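Structure first, then comments.
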Amino acid sequence: MTSHIMPTYARLPVTFERGEGVWLWDSRGDRYLDALSGIAVCGLGHCHPAVSRAIADQARILVHTSNLYSIPKQEELAKTLSRLSSLDSVFFCNSGTEANEAAIKIARLYGHRRDIALPQIVVMQNSFHGRTMGSLSATGNPAVREGFAPLVEGFLTIPFDDIDALHQVATEHEDVVAVLAEPILGEGGIRIPSTQYLSQVREICDQNNWLLMLDEVQTGMGRTGKFLAYQHSGILPDVCTLAKAMANGLPIGACLARNKAAEVLTPGTHGSTFGGNPLACSAALAVIETLESENLLSRATRTGNYLLNQFSKKLDANPAVKDIRGQGLMIGIELNRPCKEIVMLALEQRLLISVQAENTIRLLPPLTIDDEQTELMISTTCLVIDQFTGTGPR
Ligand SMILES: *Cc1c(COP(=O)(O)O)cnc(C)c1O
């Protein structure tokens, strides 16, 4: 069968027809444990009843008006996000890459208002910020940028988790206006920086009047055990971007900002036709209500710690396992060799995972995963790792 879809994805040979919680059922009726949550999107599991109800209810009342008019659900969601993030205000869009475009535009305007003609944004090696030209140019993965020159100018790339490199930028460059970084590299292989890193970055930003802009598209919405990953380090960014898990599968993104960064965008400087429409905002409000009412942040912390502990125990004897790391329900298991094929082995065992940065297995299970499902995820993951490393090249 010839497909009429542009081949931007090498798709796995499976078609899902139905989902509930951690489970997905394929077209033959086989059940899979989704340990990837649709790439960190379905944080409450598939078709969470509270979200499905909110979508259905809102769809009957009003789906879309436009940002020419006031939208009460958008106001309510912005107020809730502001309470949970300690930031002041929100711009709504429809994806992670768009949220980062808004952040980049804020940094540019902020720079121009300080009379910096060619403002530069510091970004990190192995980062991922999205696929549109601005976010793509900010992305520190050459494979993502390959072939799309000329790229958008104004980005300085330094190694992640390297505070000396940032100090050096501060002494060598006068045009820097912001730092854009993920608190944990997601696509880049679940790289967790040293404990002091974010607060040290914050300090350098303060000393130089730079904006600290955190891309929490993957780490946000409770994934790491706090609503936002920066809350582990007790700092506040000036700008923070969100998307993926915001509405458990409905497209929505947000760019949050504080203080001076919140005052940069004014009428006419930015916009979105769909951004923050009543349907997406109702779903996002239901997600946040559920995170709070079901205590999912502490559950993510508890399950995440248990996972790290169990994986360390069970994989200790396997010399091909190089590192096991994670925060909350964002887990990486690094092997000493490239392991893309393990995704297919896992699929055969009815487990959905991904491999990042060539050699790191990534698990992003729903925050709602229960104890029994957690045990199944652990045993199946260990089984496929042992299968792969036992038979793979040495
Ligand atoms: C997925 C991701 C993006 C891009 O989000 P899209 O919704 O696919 O545009 C940006 N930043 C990070 C950290 C991500 O994980």
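The values are calculated or read from the model by the stated rules, or taken from the named source; none is laboratory data. Since the structure is predicted, the reported quantities are computational estimates derived from the model, not experimental observations. Don't worry about glycine lacking a Cβ; one is built from the backbone with ideal geometry, like all the others, and counts go over all protein chains shown.
Observations, loosely collected:
- Residue in region 208-225 that is farthest from residue 173 (Cα to Cα), counting only those that are away from the ligand (no atom under 16 Å from the Cβ) and in contact with a helix residue (DSSP H, G or I) (Cβ under 7 Å, 6 or more places away or on another chain): 225
- Among residues of region 251-288, those that are away from the ligand (no atom under 16 Å from the Cβ) and either of a type in the set (A, V, I, L, M) or surrounded by fewer than 23 Cβ atoms within 10 Å (Cβ to Cβ) (or both), counted: 21
- Residues of region 185-200 satisfying the condition of being β-branched (Val, Ile, Thr) and within 16 Å of the ligand (Cβ to nearest atom): 190, 192
- Among the residues examined, residue 356 does not qualify as closer than 20 Å to residue 187 by Cβ, surrounded by 22 or more Cβ atoms within 10 Å (Cβ to Cβ) and in contact with a Gly (Cβ under 7 Å, 6 or more places away or on another chain).
- Highlighted here would be strands (runs of 3 or more DSSP E) found entirely within region 287-394 that include at least 3 residues which are farther than 27 Å from residue 21 by Cβ, modelled with pLDDT of 95 or more and within 22 Å of the chain's Cα centre (by Cα), but there are none.
- Checked against (1) more than 12 Å from the ligand (Cβ to nearest atom); (2) more than 22 Å from residue 106 (Cα to Cα), residue 126 passes all but a single condition, namely (1).
- Filter result for the condition that a residue is closer than 20 Å to residue 30 by Cα and in contact (Cβ under 8 Å) with a residue 24 or more places away in the chain, over 363, 347, 367, 307: 347
- The sole residue among 369, 385, 353 that is of a type in the set (A, V, I, L, M) and more than 12 Å from residue 33 (Cβ to Cβ) is 385.
- Scanning region 91-112 for residues that are touching a Lys or Arg at 6+ places or on another chain (Cβ under 9 Å) and away from the ligand (no atom under 16 Å from the Cβ) returns a single hit, 110.
- Residue check for residue 29: of a type outside the set (Val, Ile, Thr), in contact with a strand residue (DSSP E or B) (Cβ under 9 Å, 6 or more places away or on another chain) and in contact (Cβ under 8 Å) with a residue 12 or more places away in the chain: no
- Residue match in region 143-162 (condition: within 15 Å of the ligand (Cβ to nearest atom), touching a strand residue (DSSP E or B) at 6+ places or on another chain (Cβ under 7 Å) and closer than 24 Å to residue 186 by Cα): yes
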